[in-house]
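A.B. asks: First the structure, which I've put down as structure tokens, then a few questions once you've had a look.
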Amino acid sequence: MHIDGACHCGKVTYEANINPENISICHCTDCQRLTGSAYRVTVSASRSDFRITSGDPRVYTKIADNGRRRMQYFCSNCGSPIYTTGELEDAEQVGIRLGTVNQRQALKPRAQFWCSSELPWAEDLGTLPRHSK
Ligand SMILES: [Zn+2]
Ligand SMILES: [Zn+2]
């Protein structure tokens with residue numbers, strides 16, 4: 001599936017070819033901090049199927065649990081997280097941040113990781129009162 005996307009201010013844009021099966025939620029504490037939210041939703045793609053089409057995202061590098069560097073790319077103007085990649089064989093994959101994907105309404109996560117640090121209410125959203133805006 002072909003997708004494209006942008007940060008909030010529109011300075012950084014990209015396009016990619018993805019497999020809609022490769023979408024996941026991560027409840028790890030790094031994703032909570034880095035998103036400022038309860039969990040992160042990521043669309044995986046091969047590095048060769050992902051291309052920045054405008055802008056020049058900045059990078060913040062964190063050290064993952066396995067000791068490897070994980071590069072977190074974000075817009076230097078509006079701060080939106082755009083994608084992540086890694087080093088060695090991890091460099092062959094990128095993790096695109098679902099909220100920046102223009103086609104995100106059509107995409108659905110297929111698995112959850114790091115449920116050991118999931119916030120206790122994260123599974124119960126369906127029970128909250130709903131408002132259209
Ligand atoms: Zn931006
Ligand atoms: Zn995570």
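A.B. asks: Carbon-plus-sulfur fraction of the accessible area of the chain, 1.4 Å probe, in percent?
C.D. replies: Carbon and sulfur atoms account for 47 percent of the accessible area of the chain.
A.B. asks: Just to be sure I understand the model, the point goes 7 Å from the Cα along the line to the Cβ. What's the resulting residue 48 to residue 119 distance in nm?
C.D. replies: 4.0
A.B. asks: Can you give me the three principal axis dimensions of the chain from its C-alpha atoms, in Å, biggest first?
C.D. replies: 40, 36, 29
A.B. asks: Same structure again: Percent relative contact order of region 2-118, based on C-alpha pairs within less than 8 angstrom and at least six residues apart?
C.D. replies: 34
A.B. asks: How far is the Cα center of region 79-106 from the Cα center of region 1-64, in Å?
C.D. replies: 2
A.B. asks: Grab the Cα-Cα distance for residue 130 and residue 68, subtract it from 0.36 nm times how many residues apart they are, and report the gain in nm with one decimal.
C.D. replies: Value of the extension gain: 18.2 nm.
The values are calculated or read from the model by the stated rules, or taken from the named source; none is laboratory data. Note that the structure is predicted; figures quoted are calculated from it, not measured. Using ideal geometry, Cβ is built from the backbone for each residue, glycine included, and neighbour counts are taken over all protein chains shown. Side chains included, ligands, DNA and RNA excluded: accessible areas come from the protein's heavy atoms. Shrake-Rupley method; radii C 1.70, N 1.55, O 1.52, S 1.80 Å.
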